[in-house]
Structure formats: C-alpha cells, structure tokens
Amino acid sequence: MNTIVVDHISKTFGETRAVDDVSFEVAQGELFGLLGPNGAGKTTAIRLILDIFKPDSGTVAILGGEMTEAKKDRIGYLPEERGLYQEIPLERCLTYLASLKGLTRPQIRQRLEPLLEKFDLVDHRKKKVKELSKGMQQKAQLIVTIIHQPELIIIDEPFSALDPINTQMVKDMLREERNKGATIVMCTHQMNQVEELCDRLVLIDRGRTMLYGELNEIRRRYASPEVIVRTLEPLPAVINGITEIVPQNGDYKLSLAEGVRPNDVLGELLSSGLTMEKFETALPTLDEIFIDVVQGKTGRA
C-alpha cells in the first residue's frame with residue numbers, strides 16, 4: 001500500500017516551471033528521500049503533496065485519496081523555514097502548536113515532557129523562542145512535527161543548523177518513528193544523510209525527475225567496472241584483466257578490462273597466493289551520482 005502517489009504533477013509560477021511532470025510513489029512505512037539541488041522544485045513538490053498549492057496538471061493521492069482537513073491531523077510537516085512564534089516562551093509555543101493538531105491539554109502534557117528531555121530542551125522551556133539558538137529552534141520544530149504521532153512525516157532539510165550530536169539524535173528519532181510504522185519523506189540536498197537513512201529516493205532537478213528507485217539498485221546502475229580490494233601482501237604490478245591499480249585509503253581500486261568480471265579478478269588474486277581482507281564491487285556514492293546527473297553527464301533514469 002502506498003501512502004503517497006504523485007502522478008504527473010506540474011506547477012508553473014509566471015514563466016518558471018517549478019515542477020514538470022513529476023511522478024513517484026511512497027510506500028507505507030518507508031523512509032523516502034526527495035532530493036535535488038537548491039531551487040530544483042523539491043519544496044514546491046512538497047507543497048503540492050500537502051495541498052498548500054494546487055497542481056496545474058496531474059494528481060496527488062495521500063493517505064488513500066485526496067487531502068482533507070481530517071487527514072492534516074495525521075501528518076507531521078517540518079518546513080525548511082522556521083515557523084515558531086518568537087516572542088513567547090518555548091513551552092507555551094509548543095503547547096499551542098500541538099493543540100492545533102487536535103491534542104488535548106492532558107495529552108500535550110503527557111507527550112511534551114519526554115520530548116523536551118529527548119531533545120535536551122528542558123532547561124530552556126521558559127525562554128522566549130527568539131532567545132534560543134538556531135539548532136534549539138530546529139529541535140523545537142521537530143517536536144511540533146511528531147508530538148501528535150502522525151502516520152506521515154514530511155521533513156524539509158531536517159538537519160539544518162544541527163551539530164553532529166544533534167544530527168545523530170534526529171537520525172535516531174527518524175528511525176524510531178519509521179519502526180513505529182510512520183511513513184517518512186525527507187526532503188534534502190545532503191546526499192550522505194539520504195544514503196544512510198533512506199530506502200528509496202527520487203531526484204528532481206530543474207523541476208523534472210532525474211532518478212527514481214531503490215538506493216542500492218541506483219548505485220549498481222551507475223557503477224563503473226571497478227573493484228575495491230585489500231590484501232595482506234603487496235599487490236603485483238601487473239594483474240591479468242586489470243587496466244589500472246589506484247591506491248585508495250589503504251585499499252586498492254582496480255579497473256577491469258572490457259569483458260572481465262569481478263569473479264575473474266578474485267580468482268586471479270587468490271591463485272596468486274594473496275590473502276584477501278576485502279573484495280567488493282566499487283559502487284559510486286550518491287554524491288557522485290548526484291553530481292553526474294545534475295551536471296548532465298548521464299541521462300534521465
């Protein structure tokens with residue numbers, strides 16, 4: 001079952017086509033990456049999904065159909081721009097925003113305290129929001145996003161302004177919410193975070209879909225004919241089937257000649273009496289694929 005189905009949506013503002021015939025699906029209970037460089041159309045796509053904007057063409061189904069007011073209480077949305085009331089104390093701000101999601105006062109009290117502790121904000125609850133650091137405000141917005149225990153969580157650049165410790169805290173929180181059954185869409189241009197967290201992804205550039213699918217399948221699709229090896233003994237200068245040997249952080253990257261398979265190379269190395277500590281296909285990072293696709297070195301896929 002799919003939580004979100006985006007079917008050929010497009011949106012134009014003046015002469016700018018922000019989203020151009022984009023389609024993808026997000027399965028229930030998955031952590032899905034919505035990627036692209038700044039200005040690619042990611043945030044517009046999210047606003048179309050959330051019914052903040054209406055598409056010029058195409059359709060969006062969310063939680064089983066069209067958006068309704070009742071469904072909005074089943075969704076948690078973290079926008080890239082901070083939407084907290086700056087002039088009031090943090091606890092009052094969070095309490096008010098939680099009430100907009102249909103929570104009662106007793107429910108808010110029960111849920112807010114452990115979240116303040118989790119995000120290390122207990123000692124700052126009486127401070128005005130404007131007195132908090134950018135990182136603290138980001139954590140406060142995350143509390144607002146999940147306090148009503150939504151079925152669908154959509155987060156736009158969730159790691160903005162966070163230090164490494166709080167970044168890890170948010171990663172753990174996202175995994176916990178997914179394990180509880182929530183569907184999560186993470187909108188970002190930080191490829192390393194997507195590579196670590198997401199099951200599947202769509203990459204949008206200039207409003208158009210450039211990549212869509214399962215992360216490891218995409219990496220295999222863009223893999224070069226290379227393997228990474230580590231041996232206890234030095235590698236020979238010449239290896240049958242290898243055109244180039246490049247040292248790489250204690251390993252070696254071996255470029256395969258045309259028609260040579262990784263298994264052929266493994267057999268050649270073992271027959272040479274080498275002790276293998278590591279042998280794997282050299283898959284590109286998502287950063288490398290992202291750069292190639294966005295710079296036009298590879299076509300749409």
Sorted by mean Cβ packing within 10 Å, highest first, what order do the peptides 23-34, 125-136 take?
23-34, 125-136
The FRET efficiency for E69 and N216, from their Cβ-Cβ distance with R0 = 45 Å and rounded to 0.05, is 0.70
To make sure I understand the rule: partners must be lysines, Cα under 16 Å from the Cα of K180, and not fewer than 8 residues away in the same chain. Which ones qualify?
K171
Considering the chain as a Gaussian network with a 10 Å cut-off on Cα pairs, which listed residue, S255, S271, S99, attains the greatest mean-square fluctuation?
S271
How big is the gap, in Å, between the Cα center of the range 1-34 and the Cα center of the range 170-222?
14 Å
Take the chain, connect every pair of alpha-carbon atoms lying under 10 Å apart with a spring to form a Gaussian network, then pick out the residue of P89, P164, P37 with the largest mean-square fluctuation.
P164
Give me the lysines in straight-line cross-link reach of K127: C-alpha distance below 22 Å, same-chain residues under 8 apart excluded.
K118, K139
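At a Förster distance of 25 Å, what's the computed FRET efficiency of K180 paired with E117, Cβ-Cβ distance as r, to 0.05?
On the way: r = 18 Å, r/R0 = 0.73.
Taking R0 as 25 Å, the efficiency between K180 and E117 is 0.85.
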Charged-residue dipole, Cβ positions (Lys, Arg, Asp, Glu), the chain about Cα centre, Debye nearest 20:
1300 debye
What's the magnitude of the charge dipole for the range 132-236 around its Cα centre, counting Lys and Arg as +1 and Asp and Glu as -1 at the beta-carbon? Answer in Debye, nearest 20.
160 debye
Can you say what percent of the DSSP beta bridges in the chain, counting only those with both residues inside, are antiparallel? Round to 5.
65 percent
For the table K42/K72; K101/K128; K42/K128; K11/K72; K72/K134, the rows whose alpha-carbon distance is greater than 24 Å are K42/K128; K72/K134
Pick the calculated P(r) over Cα pairs in 20 Å bins from 0, in percent for this structure from [x] 29, 46, 22, 3; [y] 30, 56, 13, 0; [z] 35, 61, 4?
[x]
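No value in this document is a laboratory result; all are computed from the given coordinates. If you're wondering where the values come from, they're calculated on a predicted model, not measured in any experiment. Using ideal geometry, Cβ is built from the backbone for each residue, glycine included, and neighbour counts are taken over all protein chains shown.
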